[in-house]
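The values are calculated or read from the model by the stated rules, or taken from the named source; none is laboratory data. Quick caveat: nothing in here was measured; it's all calculated off a predicted structure. Quick reminder, even Gly has a Cβ in these numbers, built from the backbone with ideal geometry, and neighbours come from all protein chains shown. These accessible areas exclude ligands, DNA and RNA; they are computed on the full protein's heavy atoms, side chains included. Shrake-Rupley method; radii C 1.70, N 1.55, O 1.52, S 1.80 Å.
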Amino acid sequence: MTKSILLIGEKCIDEYVYGTCERICPEAPAICFKSNGKINRTAGMVGNVEKNIRVLDPSIRITTIKNPCSIVKRRFVDTKYNSIVFRVDENDKCDPINYDSIEHGIYDAIVFSDYCKGFLQPQDIEYISNKYKDQAVQFIDTKKKIDNFIQHIDFVKINETEYHNNKDCLQFCTNLIVTYGDKGATHYIDNTTYKHYDTEKVEVRDVCGAGDTFLAGLVVKYLETENIQDSIKFANNCARIVVSKFGVATP
């Protein structure tokens, strides 16, 4: 049976400007970046989650609720060393969600990709998740300080830095998944009960978008198996593949 996802969150444009850094600026302690004219643009943040889900399982129906796309993350890439030199963020905030845009249908999963750019307030997440409690499995990847607004969400995914900034978050959730980059991911039930999942080591080229890929893999595999252990292993592998590629990539 075809699965259906309601995906909610902030979208941006991930832009890569290519060129070389050939000298130091004579007026300031800075490098001079010379563009070669090549620019790549792709959908980022919730757009990247959606793109990864479609790659991993094209049969899934996705309804995406997102902000009008004005946020831009512009990365300048030195092609000689194949590395990002610096990043410029434009329009880093967006307008709040319009509830009239939400299609109140029947979904197998509700997924929040919350980059804390103003689209979703805690009360918005709580309202939407409460509406679908006991109707669909719910996931959230959030950069907010975690408290009661996630009480109806089944699986909370954050990264290592966010976990260190949320030391009391386990009092608000029982299925916390923390990603640790090349060290894998840990599934916390509470402060004393947890299981760690290692990931295979690869040459890391670019970590941009890896968290979005992990979330997509977690959701896709869970809808298939309803097994969180298999889902974390699968998500680890998806993230491992994309960090070995350059740019915001898919498995």
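Return the total of residues in region 213-245 being of a type in the set (D, E, K, R), modelled with pLDDT of 95 or more and not in a loop (DSSP other than H, G, I, E, B).
Selection size over region 213-245: 4.
Search region 95-107 for residues that are open to solvent by 80 Å² or more (accessible area, probe 1.4 Å) and pair each with any residue that is modelled with pLDDT of 80 or more when their beta-carbon atoms are under 6 Å apart and the residues are at least 6 apart or on different chains.
Once the first residue is open to solvent by 80 Å² or more (accessible area, probe 1.4 Å) and sits in region 95-107, its partners that are modelled with pLDDT of 80 or more give 103/63.
Within region 220-240, how many residues turn out to be among the hydrophobic types (A, V, I, L, M, F, W, C) and without any contact (Cβ under 8 Å) to a residue 24 or more places away in the chain?
Here the count works out to 1.
Against the condition surrounded by fewer than 17 Cβ atoms within 10 Å (Cβ to Cβ) and either acidic (Asp, Glu) or at pLDDT 95 or above (or both), how does residue 27 come out, does it pass?
For residue 27, the condition - surrounded by fewer than 17 Cβ atoms within 10 Å (Cβ to Cβ) and either acidic (Asp, Glu) or at pLDDT 95 or above (or both) - is met.
When the residues of region 213-235 are narrowed to those that are open to solvent by 10 Å² or more (accessible area, probe 1.4 Å) and polar (S, T, N, Q), which ends up farthest from residue 194 (Cα to Cα)?
This residue is 225.
Among all residue pairs at least 6 apart or on different chains, which show Cβ distances below 6 Å where the first residue, located in region 145-167, is touching a residue at least 40 places away in the same chain (Cβ under 8 Å) and within 18 Å of residue 215 (Cα to Cα) and the second is of a type outside the set (D, E, K, R) and part of a loop (DSSP other than H, G, I, E, B)?
As it stands, the answer is 155/175, since those pairs meet every condition given.
Among residues belonging to region 194-212 that are open to solvent by 30 Å² or more (accessible area, probe 1.4 Å) and among the aliphatic types (A, V, I, L, M), point out the one that is modelled with the lowest pLDDT.
In this case the residue turns out to be 204.
What about residue 191, is it surrounded by 14 or more Cβ atoms within 10 Å (Cβ to Cβ) and more than 14 Å from the chain's Cα centre (by Cα)?
no
If only one of 4, 113, 35 is of a type outside the set (Asp, Glu) and open to solvent by 50 Å² or more (accessible area, probe 1.4 Å), which one is it?
It is 35.
Please specify each residue of region 66-76 satisfying the condition of being buried (at least 19 other Cβ atoms within 10 Å of the Cβ) and under 17 Å from the mean Cα position of the chain (by Cα).
If the condition is that a residue be buried (at least 19 other Cβ atoms within 10 Å of the Cβ) and under 17 Å from the mean Cα position of the chain (by Cα), then 66, 67, 71 are the ones that fit.
Among the residues of region 124-138, which ones are over 13 Å from residue 7 (Cβ atoms) and touching a helix residue (DSSP H, G or I) at 6+ places or on another chain (Cβ under 6 Å)?
Passing the criteria: 125, 126.
With the condition kept exactly as written, say whether any residue in region 88-105 is small (Gly, Ala, Ser) and closer than 19 Å to residue 52 by Cβ.
no
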